[in-house]
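Asker: Encoded as structure tokens, here's the structure I'll be asking about.
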Amino acid sequence: MKAERRSRTDRSAQIAAVAYTLVAREGPGALTLRAVAERVGIKLASLQYHVATKDALIALVVAEAVERYRQLLEPFERAANRDDPEKALADAVALLCRSSTETDLLARFEVHFWSLAETEPAARKALDDYLSLYREFLAGLISAARPTLSPAELKKRVDLVSALTEGATTIGMALDAKSRRDFESTLAGHILDICRE
């Protein structure tokens, strides 16, 4: 029984990872139960044992994205709470503005996810939840670095930083490597200025 449960969990994790990568690399139109089943190497009926509907698949993909995001940002949350909150904020902003294999895949996923949310109600709700998590993360970092901010001032900074980093995702993807590095560095400086005001 335990081996069967672990096997099901392993298969669900594999399905989630494949579906996430499919959306990130090929866009929301590629996210179908059949396409995921083919890439996982199982029959459609077997996939439907784990994920019965497209809405369930979207929920699984979002859970995968949230988990990847949490793993990426968790060290900064820990550092902000016990080490140097200013440094944790600066390091997190640098990560959010800098391209890397993981952040580029996440950025592509987010851009495609915005598209998917326009046509799929389940994706819209999931995107709202995903962005709430992101905004909570930013609020935690900023408030740790600037504990005297009023709730209104904290919200203002979170709004500005989240808008800048989300917009930068789209802009950065369109730039050549040198321009992108310059843009990322400049943007990170501007974001830290906003947080430190």
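Laboratory data are not the source of any read-out in this text; all were calculated from the coordinates shown. All values reported here derive from a predicted model rather than from experimental measurement. With ideal geometry, Cβ positions are generated from the backbone for all residues, glycine too; neighbour counts draw on all protein chains shown.
Asker: Within 10 Å of each residue's Cβ, count the other Cβ atoms and sort LEU96, LEU127 from fewest upward.
Answerer: In increasing order of surrounding Cβ atoms, one gets LEU127, LEU96.
Asker: Then there is this: What list of ³J(HN,Hα) values in whole Hz, one per residue of the stretch 34-41 in order, does the Karplus curve 6.51 cos²θ - 1.76 cosθ + 1.60 (θ = phi - 60°) give from phi, with Gly and Pro shown as x?
Answerer: Whole-Hz 3J(HN,Hα) from phi for the stretch 34-41: 4, 4, 5, 4, 4, 6, 6, x.
Asker: Treat every Asp and Glu Cβ in the stretch 60-197 as -1 and every Lys and Arg Cβ as +1, leave all other atoms uncharged, and give the resulting dipole magnitude about the Cα centre to the nearest 20 debye.
Answerer: The dipole magnitude comes to about 180 debye.
Asker: What FRET efficiency comes out for LEU133 versus ALA30 if R0 is 30 angstrom and r is the Cβ-Cβ distance? Round to the nearest 0.05.
Answerer: The pair LEU133/ALA30 has a calculated efficiency of 0.75.
Asker: Test of understanding: what is the full-extension gain from THR21 to THR186, defined as 0.36 nm times their sequence separation minus their Cα-Cα distance?
Answerer: Details: separation 165, 0.36 × 165 = 59.40 nm, distance 2.95 nm.
Between THR21 and THR186, full extension yields an extra 56.5 nm.
Asker: Report, to the nearest 10°, how far helix 85-97 tilts away from the longest principal axis of the Cα atoms in the chain, using its own Cα long axis and a range of 0 to 90°.
Answerer: Long axis of 85-97 versus the principal axis of the chain: about 50 degrees.
Asker: Could you pull out every one of the lysines with an alpha carbon less than 25 Å from that of LYS156, ignoring same-chain neighbours closer than 8 positions?
Answerer: Those lysines meeting the cut-off are LYS87, LYS125.
Asker: Run the reach check for LYS43 against lysines, Cα to Cα strictly under 20 Å, same-chain hits fewer than 8 apart removed. What comes back?
Answerer: Straight-line reach from LYS43, under 20 Å: LYS54.
Asker: Assuming R0 = 41 Å, what is the FRET efficiency of ASP55 and ALA177, from their Cβ-Cβ distance, to the nearest 0.05?
Answerer: 0.60
Asker: Additional query: For the chain, what is the mean residue ellipticity at 222 nm derived from helices alone (per DSSP H run of n ≥ 4: -39500 (n - 2.57); sum divided by total residues; nearest 500 deg cm²/dmol)?
Answerer: When only DSSP H runs of four or more count, the value is -29000 deg cm²/dmol.
Asker: Based on the Cα atoms of the chain, what semi-axes does the equivalent ellipsoid have, where each is the square root of 5 times one gyration tensor eigenvalue, given in whole Å with the largest first?
Answerer: In descending order, the three semi-axes are 34, 19, 15 Å.
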